[in-house]
């Protein structure tokens, strides 16, 4: 059960940590017999650790772990453990033997790569105490990386010499592409390329196809590589539709005017895929030689993505046939790109894996020295805690897994401080429980969500108290483009504060549930690839009351420029209700706020600068009779499934019990007042604040200031108000915004 020592040197490269390591066996289960098998007496080991402890806490114990240590260490500074599970096992034994020290335990991790063949798992027996936690801490100024992949050097790759492969490669890249035989290195589990995307979810619910897990990915000095694709950095356009195929979204729920509901007995098995014209015969001829060509597209809407396999390309007819249908009706001129094509491996940063031969092909980026290259292999999280409490992880890095990075499930007071999670195939961090915190950290390069928070007691509206604070969450949604936010909030009572959230194709923060606090964040450059979306988004709920969005800076949110809908900073869609938007700054965004039919929403004391539309406010009565006909039953179902008639809920949200009696489709009790505008029109009409919505809302005192009331300082990354503009005289509430501390500190 002893793990092979790590022997390779540790290095830090670029903004992400890339280190070299030797693979080890790892263990999948911690067993109390391990100490006995290793010849270690737990009481003697405790004495050795006490003798060498440098923990500043009184009556505390320090253990040491070094991945390059000799097996059989006792955890002391001079004889450190060679794996973190050994320290964890000793803590578990102390708990079981009632020997846990009053001052807690600190496990100091030496710099290096802690390679994982399975998940590092903790449970309730590995917990600390409320005043004496267990701390897993990276030694100062050392990089401690939990890594779920295989690492190579660029020097291990060779030039491509096979004439057949060279003939398939683009002429301009033949001398630059290199190859590596993974089979010769004992790597044979390549996984299957997944079918993914928001629309694929609906296809998977009604057909034999499912999304599946993520396949291995390649990283070059920490930078995610791109599966060879065309176009390289943009999209192509769908041509004339030859076969629309079955529209799977119409197989779910109630019929809507833009799709025909298909009863189960009338559905095709298998469903009919789609086909469209593509007038590039030379390219189609090359694609016809690809064994597993895929298409990614926004086939019907610019806010719903889906991948499909290519069943056939017809170069002569200029037609591409998919294998799977689209969830939404495919439309001409929508965006797509082709990927997983050796014939398109034509620019630095692209790669391709031949799953039959096991040969990996790479067009490397420029690098100083012998670049490090990661292939993610682990199909599990790197870290999981299950009903664990009072444990801290400090200064650790988790990277290179095909699954989620970290999962905190149940328990309370698990803290990740100064940790970095990135280059993972799915979600970065998932936290469910109470009083868990991700603070002072970074989450980047995730295939899906950045971080998800859930927990709290909905019945009594007891908050979970989970937090994300002073952290940078960016470049998320690399693979799953839509509805995979930087932060997802579910349940009751989470807080997101002092974070910077940016660089994503779709939503920044996705909210549901009650009483969340989103404050002092700098959110910018999200929704970059989509429309009808926002930096903060909530959907179809009359009961998600209590969330406050205050003192945030929304900057440079413009959305897909050729889309049919504006991107917003805050979008409460489908009658999402009960949210207060207070004292925020909206700067250079297409639409500041969109209250799409919700009740009891509030926009007050906000500052809008260079916003194409200050906000939109709608009455959903007509929409619920036409294109959103399924929305009203969804809202009623959500209301009836909530405890809104209980004394606790009636005390918190007294108007909810009258929802069905008081024109439920209208934005009752909505407030839009005391907001200041500069170069930000307040449009009254069908494309702005609708007259029928204003009839049941309180819209008042939203004046326009003539002089620019402030500007963004790129050096400090703060908004600086212009006090000479008169903004505080016109709107005294704007003085309460703590401009100098918005964002990370």
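Quick note: the coordinates plus some simple rules give every number you see, no bench work behind them. Keep in mind that what you see is a predicted model, and the values were worked out from it rather than measured. Note: ideal-geometry Cβ built from the backbone for every residue, glycine included; neighbour counts use all protein chains shown.
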Checklist outcome for this item: In this structure, the FRET efficiency calculated for residue 333 and residue 282 from their beta-carbon separation, with R0 = 25 Å, to the nearest 0.05, is 0.70
Checklist outcome for this item: Note to self: C-alpha centroids of the range 585-657 and the range 391-432 sit apart, in Å, by 33 Å
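Using the number of other C-beta atoms within 10 angstrom as an exposure proxy, rank 471, 304, 288 with the fewest first.
Working: 471 31, 304 25, 288 14.
So the ranking, lowest neighbour count to highest, is 288, 304, 471.
Counting only DSSP beta bridges with both residues in the range 426-741, what percent are antiparallel, rounded to the nearest 5? Don't skip to the answer; put the middle values down first.
Numbers: 5 of 82 bridges.
Antiparallel bridges: around 5 percent, rounded to the nearest 5.
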Checklist entry - Quick one, what does Rg over Rh come out to for the range 120-199 if you take C-alpha atoms and the Kirkwood Rh? => result 1.20
Checklist entry - Which translational diffusion coefficient, to the nearest whole µm²/s, is obtained for the range 555-645 from the Stokes-Einstein equation, given a Kirkwood hydrodynamic radius over C-alpha pairs, 10 °C and 1.306 mPa s? => result 110 µm²/s
Checklist entry - Length gain on complete extension for the stretch residue 745 to residue 645, per 0.36 nm per residue less the alpha carbon to alpha carbon distance? => result 31.7 nm
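Please order 419, 499 by the number of other Cβ within 10 Å, starting at the fewest.
Values: 419 27, 499 31.
Going from least to most buried by this count: 419, 499.
Checking the a/c ratio against 1.5 first, then a/b against b/c, what shape does the Cα gyration tensor give for the range 426-741?
Details: a/c = 1.42, a/b = 1.07, b/c = 1.33.
Because its axes are fairly even, with a/c under 1.5, the range 426-741 counts as rounded.
Taking the beta-carbon count within 10 Å as an exposure proxy, list 78, 62, 646 from fewest neighbours to most.
Details: 78 10, 62 22, 646 13.
Fewest to most other Cβ atoms nearby, the residues stand as 78, 646, 62.
Which order, highest average first, do 120-129, 707-716 follow once you tally other Cβ atoms within 10 Å for each residue and take the mean per peptide?
On the way: 120-129: 20.0, 707-716: 13.0.
Result, highest mean Cβ count within 10 Å first: 120-129, 707-716.
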Next on the checklist: Would you report the distance distribution of C-alpha pairs in the chain as whole percents per 20 angstrom bin, up to the bin with the largest distance?
Outcome noted: 16, 44, 34, 6
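On alpha-carbon atoms, Rg over Rh for the range 409-557 using Kirkwood Rh? If you can, show how the numbers build up before the last one.
On the way: Rg = 13.9 Å, Rh = 14.8 Å.
Ratio value, two decimals: 0.94.
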Item to check | Among 610-622, 568-580, the order from most to least packed when residues are scored by Cβ within 10 Å on average | outcome: 568-580, 610-622
Next on the checklist: Helix-only estimate, please: 222 nm mean residue ellipticity of the chain, summing -39500 (n - 2.57) across DSSP H runs of length 4 or more and dividing by its residues, to the nearest 500.
Outcome noted: -2500 deg cm²/dmol
Next on the checklist: Using 0.36 nm times the number of residues separating residue 316 and residue 387, minus their current alpha carbon distance, what extension gain do you get?
Outcome noted: 19.5 nm
Item to check | Gain in span if fully extended, residue 713 to residue 77, counting 0.36 nm per residue against the direct Cα distance | outcome: 224.2 nm
Checklist entry - What number, in nm² with one decimal, is the all-direction average of the projected area of the convex hull of the alpha-carbon atoms of the range 508-573? => result 4.3 nm²
Checklist outcome for this item: Expressed in angstrom and rounded, the centroid-to-centroid distance over alpha carbons for the range 101-164 and the range 521-582 is 36 Å
Next on the checklist: Taking 2.2 N^0.38 Å as the expected size of a compact globular protein, what ratio does the Cα radius of gyration of the range 275-431 give against it, to two decimals?
Outcome noted: 1.39
Checklist entry - Where both partners of a DSSP beta bridge lie in the chain, what percent of those bridges are antiparallel, to the nearest 5? => result 25 percent
Checklist outcome for this item: Using alpha carbon centers only, the range 293-333 is separated from the range 481-500 by a whole-angstrom value of 31 Å
